[in-house]
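Scroll down for the structure; my scribbles are underneath it.
The values are calculated or read from the model by the stated rules, or taken from the named source; none is laboratory data. Remember, predicted model here, so these are calculated numbers, not experimental data. Because the Cβ atoms are built from the backbone with ideal geometry, glycine has one as well, and the counts that use them run over all protein chains shown.
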Amino acid sequence: MKKNINIAVIGLGQIGNYLLNELITKKRDIELKTGKRIRVVAISAKNPNKKRKFKINKNIFYKNPLDIIKRGSLDVIFEAIGKSDGISKKVVELALKNKIHVITPNKALIAKHGDYLSMLAEKNKVNLEFEASVAGGIPILRTIKEGLATNKITKVHGILNGTCNYILSEMELTKDTFTNVLKKAQSLGYAEPGNPKLDLNGYDAFAKVRILSSLAFNKKISKVKCLMEGIENIDFKDIEIAEKLNLRIKLVGITELIKNQLFERVHPCLVNKDSYIGNVNGVMNAVIIHGYPIGESILQGEGAGPGPTSSALMSDLLSILRGNIKYPFGISYKKRKAVNVYNLNKYSNSLYLRIEVKDRPGVLSQITKQLANRKISVARLIQIPDNRKKTASIVIITHKTKEQDVQSCLKSLRSNKNILKNPILIRLL
Ligand SMILES: NC(=O)c1ccc[n+]([C@@H]2O[C@H](COP(=O)([O-])OP(=O)(O)OC[C@H]3O[C@@H](n4cnc5c(N)ncnc54)[C@H](OP(=O)(O)O)[C@@H]3O)[C@@H](O)[C@H]2O)c1
């Protein structure tokens with residue numbers, strides 16, 4: 001690689017603008033560590049006149065990012081626009097075809113088009129790096145690709161969305177409702193002000209799970225959504241009950257191979273308050289890797305925000321500047337295997353059920369009878385009466401049981417007039 005490296009930053013939002021400042025202020029450090037002299041020769045955003053946190057040089061501003069690539073003499077581009085398709089895909093595609101290295105924090109793009117884009121990178125002998133797309137500043141992808149390169153990884157799980165983790169922690173701490181805590185998260189910049197849906201419904205964490213699966217198991221990216229649930233329906237009541245049971249609710253992303261079938265899921269989990277994951281609070285992320293011979297290995301840190309994300313983007317840049325073309329997913333796209341997906345109907349686990357009922361004699365036995373009919377065995381049962389409303393919350397924790405059986409039991413209970421609301425189901429970790 002030549003000594004002088006020309007760089008473009010496309011997208012100057014929260015991430016791109018902070019990164020641009022890092023590139024300018026850490027030039028000397030980069031030269032010291034890699035022997036390469038970097039120069040930002042082009043930048044792009046939608047609005048050239050927008051007020052940004054760090055000043056930009058308008059002389060190198062391009063309204064259309066594709067013109068940057070067409071201008072030639074570029075070595076590396078950062079794509080920080082953030083769409084799963086459209087202009088983000090076009091920029092990355094065109095850059096790779098023009099033999100320009102690409103670095104992106106865009107999990108939506110990689111989770112959707114990673115297979116195709118990695119094939120393009122490989123064919124054009126350039127790097128496609130996306131460390132910042134999973135768990136922000138935590139170097140999880142490089143850890144799997146390099147640090148644990150010869151381990152046989154069987155499972156990766158963790159807290160992959162800081163927004164959800166903040167909301168759940170804060171609900172427990174302040175005893176406030178989901179809606180109020182979401183507003184607070186938005187005012188603090190932890191949740192998107194306009195549309196936080198993709199964080200809250202599990203989509204963001206699921207994209208990260210897909211990227212982790214591909215790297216951990218050397219598989220193509222799965223197109224099937226095994227199980228994805230967010231935190232929008234988490235009621236403060238369940239947080240309160242969980243606390244009494246020495247449990248805590250966390251949104252967890254899990255990917256594992258069960259008899260060579262890929263089981264990817266994101267959903268709220270009840271975890272033990274004393275467990276490691278039960279104590280990862282606020283906006284923190286944590287990823288736990290299970291492998292052989294490494295055993296269990298844990299990485300924790302800030303999962304989002306301009307600082308941690310730029311740290312990962314800079315590490316990608318240094319990796320490129322130090323030389324060598326690497327396979328974006330650790331091994332060649334030709335060797336990555338197609339995915340066999342786990343059949344969700346086989347899934348069995350210990351489950352938490354909360355059923356709101358009229359407080360009348362015989363109601364509990366109607367419920368336990370239905371459970372017994374389906375051979376669902378109960379590990380714990382608690383009845384919490386509300387004398388004022390003449391209602392009760394029946395909380396059941398099952399032994400490991402087929403979720404399909406429990407779902408069908410809950411369905412049949414819906415016609416019972418003593419049951420006041422749709423029952424709540426939360427999986428235990
Ligand atoms: N924010 C985080 O904490 C975080 C953490 C990890 C990963 N990421 C990922 O980083 C990426 C960027 O996120 P962000 O939070 O920085 O988003 P953002 O603040 O919304 O910034 C998006 C940028 O893209 C620019 N843009 C939009 N359409 C464009 C177009 N057609 N041509 C050129 N530029 C265009 C916008 O221009 P204007 O500024 O002129 O509107 C803006 O500068 C996403 O993939 C996200 O998933 C973010």
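Some notes on this structure:
- When Ile56, Ile15 are checked against the criterion of being part of a helix (DSSP H, G or I) and in the same structural domain as Lys90 (by TED's automatic domain parsing), Ile15 stands alone in meeting it.
- Picking from residues in region 225-241 that are part of a loop (DSSP other than H, G, I, E, B) and of a type in the set (Asp, Glu), the one that is nearest to Glu264 (Cα to Cα) is Glu229.
- Some residue of region 253-267 being in contact with a helix residue (DSSP H, G or I) (Cβ under 7 Å, 6 or more places away or on another chain) and on the phi > 0 side of the Ramachandran plot: no
- In region 162-202, the residues that are closer than 18 Å to Arg265 by Cα and modelled with pLDDT of 95 or more: Cys164, Asn165, Leu200, Asn201, Gly202
- Residue in region 134-148 that is more than 16 Å from the ligand (Cβ to nearest atom), touching a residue at least 40 places away in the same chain (Cβ under 8 Å) and under 24 Å from Glu229 (Cβ atoms) present: no
- Some residue of region 27-42 being of a type in the set (Asp, Glu), over 25 Å from Tyr333 (Cβ atoms) and either assigned by TED's automatic domain parsing to the domain that holds Glu192 or surrounded by fewer than 18 Cβ atoms within 10 Å (Cβ to Cβ) (or both): yes
- Scanning region 218-259 for residues that are touching a Leu at 6+ places or on another chain (Cβ under 6 Å), of a type outside the set (A, V, I, L, M), crowded, with 23+ Cβ neighbours inside 10 Å and farther than 17 Å from Asn343 by Cα returns a single hit, Gly253.
- When Ala121 is tested against (1) part of a loop (DSSP other than H, G, I, E, B); (2) in contact with a His (Cβ under 9 Å, 6 or more places away or on another chain), only condition (1) is not met.
- Among the residues of region 30-45, those that are free of Cβ contacts under 8 Å to residues at least 60 places away in the same chain and closer than 26 Å to Gln14 by Cα comprise Glu31, Arg37, Arg39, Val40, Val41, Ala42, Ile43, Ser44, Ala45.
- Conditions (1) modelled with pLDDT under 95; (2) surrounded by fewer than 15 Cβ atoms within 10 Å (Cβ to Cβ); number of the one not met by Tyr276: (1)
- Residue in region 75-83 that is modelled with pLDDT of 95 or more and under 16 Å from Ile221 (Cβ atoms) present: no
- Candidates Arg37, Arg52, Arg28, filtered to the one that is more than 18 Å from Lys83 (Cβ to Cβ) and near the ligand (Cβ under 10 Å from one of its atoms): Arg52
- Flag if Tyr342 is in contact with a strand residue (DSSP E or B) (Cβ under 8 Å, 6 or more places away or on another chain) and more than 16 Å from the ligand (Cβ to nearest atom): yes
- Remark: pairs (first residue in region 192-217, under 19 Å from Thr179 (Cα atoms) and of a type outside the set (D, E, K, R); second residue assigned to a helix (DSSP H, G or I) and within 14 Å of the ligand (Cβ to nearest atom); Cβ separation under 7 Å; 6+ apart in sequence or on different chains) = Pro193/Gln186; Pro196/Thr163; Pro196/Gln186; Leu198/Asp204; Leu200/Cys164.
- Scanning region 302-347 for residues that are of a type outside the set (Ser, Thr, Tyr) and either free of Cβ contacts under 8 Å to residues at least 12 places away in the same chain or within 14 Å of Ala132 (Cβ to Cβ) (or both) yields a total of 17.
- Of all the numbered requirements in (1) closer than 26 Å to Gly305 by Cα; (2) touching a residue at least 24 places away in the same chain (Cβ under 8 Å); (3) away from the ligand (no atom under 11 Å from the Cβ), Ile69 misses one, and that requirement is (1).
- Unique residue being closer than 29 Å to Glu31 by Cα, within 16 Å of the ligand (Cβ to nearest atom) and either touching a Leu at 6+ places or on another chain (Cβ under 8 Å) or not in a helix (DSSP H, G or I) (or both) when the list is Ser310, Ser315: Ser310
- Sole residue being closer than 24 Å to Lys335 by Cα and within 14 Å of the ligand (Cβ to nearest atom), chosen from Phe78, Phe130: Phe130
- Meeting the requirement of 1 or more residues that are crowded, with 19+ Cβ neighbours inside 10 Å and not assigned by TED's automatic domain parsing to the domain that holds Thr34, the strands (runs of 3 or more DSSP E) wholly within region 318-429 are 351-358, 391-398, 424-428.
- Among the candidates Ser214, Ser222, Ser169, residue that is touching a Lys or Arg at 6+ places or on another chain (Cβ under 8 Å) and in a helix (DSSP H, G or I): Ser214
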